[in-house]
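Laboratory data are not the source of any read-out in this text; all were calculated from the coordinates shown. Quick caveat: nothing in here was measured; it's all calculated off a predicted structure. Here Cβ is always computed from backbone atoms with ideal geometry, including for glycine, and neighbour counts include all displayed protein chains.
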Amino acid sequence: MIVKIGVNTLAVGMYVVDTGLSWMEHPYLYSRQGRIDSEKSLQAVRREGYTEAFIDTEQSGFDDDAARRLSGGTLYKEAFTGQSPPSAAPRLAVPMERELPAARKVYEDALAFARDFIHKAYLEKTVDIERSEAFVGDVIDSVARNREALSGLCKLRVYDEYTYTHSINVTVLATAFGQFLGLPEAELRPLGLAALFHDIGKANIPREVLNKPGRLDEREFQVIKRHPLESYALLKDKGPLKSRVLLAIVEHHEKYDGSGYPRGIGGEEVSMFARIVSLADVYDALTSDRVYRKGMPPSQALGVMYGMREKDFHPTMVERFIKCLGIYPVGSFVRLSDSRHGLVWSQNAQAPLLPTVKAAFDDAMRPIPAEFVDLAACGESSAGYPLSIAEAVDPRPFNIDMSVVMQ
């Protein structure tokens, strides 16, 4: 018998079944098929925010009566039409419109900090741990109030210096994801520092290699691959950094399938912090404009990353990262099914395809009076069909300043 249970009831030895339900429609269903083989694996499932799973009672060692009592009587067939339980992810304490001014100040201050921080690291080989901790604290405070505001701002503004914005964006995204996973503040602080310092070793990489606009040859790639260990060398004697911070910095280019660097480890060997920083690092790199290519729209980048699961990324972690940001992350520019265009304003954790959109342009990209459209609650459009997001749109060809739209 296949039954659905809460993850708090899930135990070592139970056999999880992949029912084929869409993770976009059931974002808190753990569906990686196989036996829960250890307490460590069980804690990882709970830590990643899942709330329910289907188990095979026969393979898990339960008779039918015991299985019914365990699941509260919810059978597999019933689950296809039943409602998902409430989200386990932390609630947003402050509405987007209230947090945006504070988030903007945090981000602008962060850029000023990053310019000084990176300048000293590259030219003087020094790192101000105290100022870095204060910056991470500001990020944590904003994320605790509303993680979508600060993470959305990462992709709304266009700056020339990727070197500066990347370290800030990865810190914000990693911290927001850690908060989404339910990590306490005591964990978010070292996570944020690991994200901030993850590329600091590039200060020791020759500029002609680091800034090469084209594809690196094999010799140059081997030089670039030194930067995690160079980061460790720069930081190991620079202050009271926890070992978990240094470990995440060293491991943030390791991959789930073991093909990463510098040590070629994989699977559960890669630390949790390193997995989080890696996801934030790749997402920001894919969505940022570089000298040699334009960045992808956020939703497209997340689609690419989803295809990298079980190779580059731990499969459940990349899914959780997408659920944190949303299928269409805050700040994405989209076309609605009624042909209006607008900016994704806030997420719906229970229905990732149905966020709230600030519709501000008509079908010809002409400004219209802004309307906040909650796609999960608005029902049918005037044409008689459910209103939804038709596609993500690149706003750059239309010279739309997304930071102005998000006011």
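Given R0 = 56 Å, the distance between the Cβ atoms of ALA11 and SER339 translates into a calculated FRET efficiency of 0.65. Taking the number of Cβ atoms within 10 Å of each Cβ as an exposure proxy, the fewest-first ranking of THR126, THR356 is THR126, THR356. Please name which of LEU229, PRO206, CYS154 has its Cα lying farthest along the dipole of the range 96-325 towards the positive end, using unit charges on Cβ (Lys, Arg +1; Asp, Glu -1) and the Cα centre as origin. Towards the positive end, the residue furthest out is PRO206. Computed packing ranks the peptides 170-182, 214-226 as 170-182, 214-226, most packed first, by mean other Cβ atoms within 10 Å. Ranked by the mean number of other Cβ atoms within 10 Å of their residues, highest first, the peptides 283-290, 10-17 come out as 283-290, 10-17. If R0 is taken as 45 Å, the Cβ-Cβ distance between ALA112 and ARG47 corresponds to a FRET efficiency of 0.85. Maximal additional length on extending the GLN59-ASP289 stretch stands at 77.8 nm, based on 0.36 nm per residue less the C-alpha distance. DSSP beta bridges confined to the chain are antiparallel in about 90 percent of cases.
Of the peptides 242-253, 317-328, 300-311, the ranking by mean beta-carbon count within 10 Å, highest at the top, reads 317-328, 242-253, 300-311. Placing dummy labels 7 Å off each Cα toward the beta-carbon, the span from LYS125 to ARG215 is 3.5 nm. Per residue, the convex hull spanned by the Cα atoms of the chain measures out at 142 cubic angstrom. Listing TYR261, TYR385 from fewest to most neighbouring C-beta atoms within 10 Å gives TYR385, TYR261. Relative contact order, whole percent, for the chain stands at 13, derived from Cα pairs under 8 Å and 6 or more residues apart. Our helix-only sum for the chain, with -39,500 (n - 2.57) per DSSP H run of n ≥ 4 divided by its residues, gives a mean residue ellipticity at 222 nm of -13500 deg cm²/dmol. With R₀ set to 45 Å, the beta-carbon distance separating VAL404 from LYS238 gives a calculated FRET efficiency near 0.65.
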